[in-house]
Amino acid sequence: MRWLLCVLLGAVALATGGLWPSAAEAAQQRGGTAGGQTPRTDEGQTPLEAAAHVDALLAEELFHGSSGAAGSVPGAVVLAPLTNDETFLRRLTLDLVGRLPSPAEITAFTLDRSAGKRTEAVERLLALPNFGRNWGRYWRDVIFYRRSDERGLLAAGAAERYLAKQFNKNTPWNTLAQSFITATGDVREEGTTALIAAQMGEVNDVTSEASRIFLGVQIQCAQCHDHPTDRWKRRQFHELAAFFPRIGLRPVRDGMKRSFEVVSHDQDRPRQRPMAMLRLGDLEHYMPDLKDPSSKGTLVQPVFFLTGQKLAQGETDLQRRDSLADWMTSNKNPWFAKAFVNRIWAELVGEGFYEPVDDLGPDRICSAGRTMDYLAAEFVAHAYDVKWLFRAVTGSQCYQRESRPRRNPDQTPFMANCSQRLRSDQIFDVLAAALGTHEGTFGPNKNAKRPMGGPFGQGGPRMQFAAVFGYDPSDRRDEISGSIPQALLLMNSPLISRAINGRNPNSTLAKLLADIPDDEQVAVELYLRCLGREPGESELSACREHVRTTKDRAAAFEDLFWALINSPEFLHRH
């Protein structure tokens, strides 16, 4: 019966659509100077001005002059319409704070007729603590999914906390990036050590990841030979690595605490016992001799490959890393701003200007170069203001369009928003909210064996979801798909079965059935909790029929609850 209901509701959802706003309403939803909107500054445009300019540039670059409905200009591409209020609020809430809007938030938003309500919703969500938590987890994943050593995960918790705090404070992105390049301290306590800890201080790995994450340039391909598809030379990789040889990593001995400390070593000293210093390299960096691997290689001077700025040999560790951090994040280096803009745009719109999101550079093709250059320049003009960028992108028509499946390579980019699979943390939080529980209680039986593995440790229900649903956020979205373990976890999990048991008086479903005598209202409540929207008339009809034929109210709504949680819509942001 559950499978039949699930298939039926899925067919209904595909066959029906929401109510689109009129052209006048769409214009109102994008306009206005709602409360909380950042004022115009002497340098750069306000977010709504930038959003309008982005739409105009995309229309010129990609849409043959069309910025609205199809047919407005001969030969114009067919753009998706602006999405309805329910879908917009669900998308925005998931994107900014990683959860679904509550039923009360949905009702208030859909009933609000003010012109600037979408802008006001952005402001409210950016002010919530969950904004930092959601995006802290995103960047935690970016840093640790390509770790070289599992021991690096000791730094994951501190990194998440640090990032969450800084995003909520709206610390400029250049300041945040500099802190990761120049970090020292205990990896369990200093979140800034994440980049170095994830690679356990190995010079070549830290070099590769610093370039990939903060510049979007995959210079690691030039480590052993000149880059096969970019202009970067092997020597340029090792000149960048010459900023990092004096990083040291040593175990922290403090009772039962297991940790490591990132330190600088700037003086020659005898080799210590292996456990006294986990990593202690040379004071200078040498490019290996491929013809004679046993030799020390060629001494390399620290040079930043994108600008040619250089240091003399002999500078201290912190002098090297401070200089590199300044040069990498300088407005003279356009790739730093572009790398961040490309990632945020891709996460919000569903596709980056460059794909994959961490493979940029002068030899790569940008799908809308003028638009990308404009957004990156405005990001710099606003002093790398992270929340300004979120305001600008979410205020655009491009962001607010209805979602479509991922386009084919020969189709025009950005004609619609693109549906994306939720990250594991988001799935966990959405599920916990739907089931009316929280992380402290949403766990296995006390006697159950805790799951091993997962990208960020072991044990605990969130870690279980990370192990099954987690993915590298730098991967192309078309490479991320569902799996049998994911389906089995949602279909057969005793955690879910206990929460949707309509005969257990303490379960969320049993309480709903006791408080709401009207079956249609129960169905509406379950749709709002699970999917962030009300059911359509066809979906309500299917629910009524299922309750009638099942002849068991509790069992019928258990089936509905289960079907919604196991629907593709539950796992995706549209």
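We did not get these values from a lab; they are worked out from the coordinates using the rules stated. Model, not experiment: these values are computed from the prediction. Every residue, glycine among them, receives a Cβ derived from its backbone with ideal geometry; neighbour counts consider all protein chains shown.
Tabulated data for the structure shown
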read-out: Label-reachable residues, the range 331-364, where backbone N falls under 18 Å from a point 7 Å from Ile480's Cα toward its Cβ; value: 340-359
read-out: For the range 141-205 and the range 541-574, distance of Cα centres in Å; value: 43 Å
read-out: Residue order, fewest to most surrounding Cβ atoms within 10 angstrom, among His438, His574, His546, His53; value: His438, His53, His574, His546
read-out: Leu318/Lys233 FRET efficiency (R0 22 Å; Cβ-Cβ; nearest 0.05); value: 0.20
read-out: Highest-first arrangement of 483-492, 255-264, 428-437, where packing means the average Cβ count within 10 Å; value: 428-437, 255-264, 483-492
read-out: Net lengthening on full extension, Ala555/Ser538 (0.36 nm per residue, minus Cα-Cα); value: 4.0 nm
read-out: Gain on full stretching of the segment that runs from Thr307 to Asp254 - 0.36 nm per residue minus C-alpha separation; value: 14.8 nm
read-out: Hypothetical label at Ala108: residues of the range 518-550 whose amide nitrogen lies under 18 Å (7 Å Cα-Cβ projection); value: 528-529, 532-534
read-out: Fully extended contour minus Cα-Cα distance, from His64 to His438, at 0.36 nm per residue; value: 129.7 nm
